[in-house]
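**Q** Have a look at this one before I ask anything.
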Amino acid sequence: MEDQGRAEVAPALVRAIGRGMALGAGATLALIGYGVWRFPSVVTVPADAPLAVCSGASVAIAYAIVGRLGPRMPGLRDPIAMRRGVSFGLGAGALFAASMLAEYLVPHDAPQNARLAMATFGLFFLLLAAAGFSAALAARRAAAGPPAAVWAALIGSQLWFLLLLTIYYAFIGTPQEARFLEVDQVLADFHRSGMTDLRAFISEDYTGGGFFHSLLGPILAIPLGGLGGLFARGWLWAGRGSRE
C-alpha cells in the first residue's frame, strides 16, 4: 500500500515539508530579531554575542534550505521515510512542548528538572530510532531507517528551537520564569560567567544551544535510524521464519 501511493503522495508531501520548514525558519528568525529589538545588549555584551545570534539565525536559514532541497536529494527523498519521519518529528515537537511548559508551570526542584531533561531527550532519541524502525518496517528494507530518523530529527529540532524561544518570551519577567531560571541552573551559570547582563547571557545561551542542537540532532539520527532499521529487518526476518 505504501509503495503504491508513492507517486500520488510524494509531491504534496514535498510541498508541505518545504513550506512548513520555511515557515518554521521564518518564525525562528522573527523571534531572534524580536530578542535583538527588545534587548539590544544581546548583540553587544559580551564581545562574541553577535556570533551566537548569527549562528542561531544561520541554522534557521539552513533548515529552510534543507526543507526546500532535502526531499529532492537521493538520500532523503524516500516517500515512506519522509512520511514516517515527519510524523515522528511532529511527535517529538509535542514532547518538547509538554516538557518545556512543565518546566515553567509545574513547581519542581533542580534534581527533578535534570531528570525531566534527561527523560525528554532520552525519549527524543527513542523516537528517532522508532522512526527508523517504522519506516523500515513499512518499506520492508532497512535502508529506509536512517532517512526517516533524519527527517524526524530535522522537524523535531526545528520545533525545539522555535518552542525554546517562544516559551522564553511568553514567560519573560514572570514568577514562573524566575523559578525556572533558578532550578535550571541558568542563574548559577550566569553568575559563574562573570557577565552582568542576564538577558544577553540567556540570548547567547539559547541561540548558541539552538545552533548546536540543530546540528547534532540530524547527525545522531543517522545511527539511531540505522539501528531502528536493523531491528525492523530482524522483525521481518523473524516473522517470515515463524510463518515457515
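**Q** Which pairs do you get when a residue that is farther than 11 Å from V59 by Cα, found in region 19-30, comes within reach of a residue that is assigned to a helix (DSSP H, G or I), reach meaning Cβ atoms under 6 angstrom, with the pair 6+ apart or on two chains?
**A** As it stands, the answer is M21/Y63; M21/A64; M21/G67; A22/A64; A22/G67; G24/Q158; G24/L162; A27/L162, since those pairs meet every condition given.
**Q** Residues in region 117-124: is at least one more than 21 Å from Q185 (Cβ to Cβ), under 17 Å from the mean Cα position of the chain (by Cα), part of a helix (DSSP H, G or I) and not charged (D, E, K, R)?
**A** yes
**Q** Have a look at G89, G33 and point out the one that is touching a residue at least 24 places away in the same chain (Cβ under 8 Å) and of a type outside the set (K, R). Working first, answer last.
**A** Numbers: G33 fails: touching a residue at least 24 places away in the same chain (Cβ under 8 Å).
Of the residues listed, the single one that is touching a residue at least 24 places away in the same chain (Cβ under 8 Å) and of a type outside the set (K, R) is G89.
**Q** Of the residues G75, G85, only one is outside any helix (DSSP H, G or I) and closer than 30 Å to R233 by Cβ; which?
**A** Values: G85 fails: outside any helix (DSSP H, G or I).
Going through G75, G85 in turn, just one is outside any helix (DSSP H, G or I) and closer than 30 Å to R233 by Cβ: G75.
**Q** Assess whether V9 counts as being touching a Pro at 6+ places or on another chain (Cβ under 7 Å), outside any loop (DSSP other than H, G, I, E, B) and at pLDDT below 90.
**A** Against the criterion (touching a Pro at 6+ places or on another chain (Cβ under 7 Å), outside any loop (DSSP other than H, G, I, E, B) and at pLDDT below 90), V9 qualifies.
**Q** Scan region 96-111 residue by residue and report those that are free of Cβ contacts under 8 Å to residues at least 60 places away in the same chain and surrounded by 15 or more Cβ atoms within 10 Å (Cβ to Cβ). Spell out the reasoning first.
**A** Step one: filter region 96-111 for residues free of Cβ contacts under 8 Å to residues at least 60 places away in the same chain, giving 98-99, 102, 106, 111.
Of everything in region 96-111, just one residue is free of Cβ contacts under 8 Å to residues at least 60 places away in the same chain and surrounded by 15 or more Cβ atoms within 10 Å (Cβ to Cβ), namely S99.
**Q** Out of A94, A110, A98, which single residue is of a type in the set (G, A, S) and in contact with a Ser or Thr (Cβ under 9 Å, 6 or more places away or on another chain)?
**A** On inspection, the qualifying residue turns out to be A98.
**Q** Restricted to region 184-212, and to residues that are within 23 Å of the chain's Cα centre (by Cα) and either more than 24 Å from T28 (Cα to Cα) or hydroxyl-bearing (S, T, Y) (or both), which residue is surrounded by the most Cβ atoms within 10 Å (Cβ to Cβ)?
**A** Applying the filter and picking the extreme gives T207.
**Q** Sort through G93, G67 and tell me the only one that's in a helix (DSSP H, G or I), under 20 Å from G210 (Cβ atoms) and either in contact with an Asp or Glu (Cβ under 6 Å, 6 or more places away or on another chain) or modelled with pLDDT of 95 or more (or both).
**A** G93
**Q** Kindly indicate which of A97, A110, A142, A102 is hydrophobic (A, V, I, L, M, F, W, C) and closer than 30 Å to R233 by Cβ.
**A** Numbers: A97 fails: closer than 30 Å to R233 by Cβ; A110 fails: closer than 30 Å to R233 by Cβ; A102 fails: closer than 30 Å to R233 by Cβ.
Among A97, A110, A142, A102, only A142 is hydrophobic (A, V, I, L, M, F, W, C) and closer than 30 Å to R233 by Cβ.
**Q** Additional query: All but one of (1) under 22 Å from L162 (Cα atoms); (2) surrounded by 15 or more Cβ atoms within 10 Å (Cβ to Cβ); (3) of a type outside the set (G, A, S) hold for P50; state the number of the condition that does not hold.
**A** Among (1) under 22 Å from L162 (Cα atoms); (2) surrounded by 15 or more Cβ atoms within 10 Å (Cβ to Cβ); (3) of a type outside the set (G, A, S), the lone unmet condition for P50 is (2).
**Q** In addition: Can you give me the number of residues within region 135-178 that are under 10 Å from G225 (Cβ atoms), buried (at least 24 other Cβ atoms within 10 Å of the Cβ) and either small (G, A, S) or without any contact (Cβ under 8 Å) to a residue 40 or more places away in the chain (or both)?
**A** Residues meeting the conditions: 8.
The values are calculated or read from the model by the stated rules, or taken from the named source; none is laboratory data. Values in this document were obtained by computation on a predicted structure and should not be read as measured data. Note that we place each Cβ from the backbone using ideal geometry, even for glycine, and neighbour counts take in every protein chain shown.
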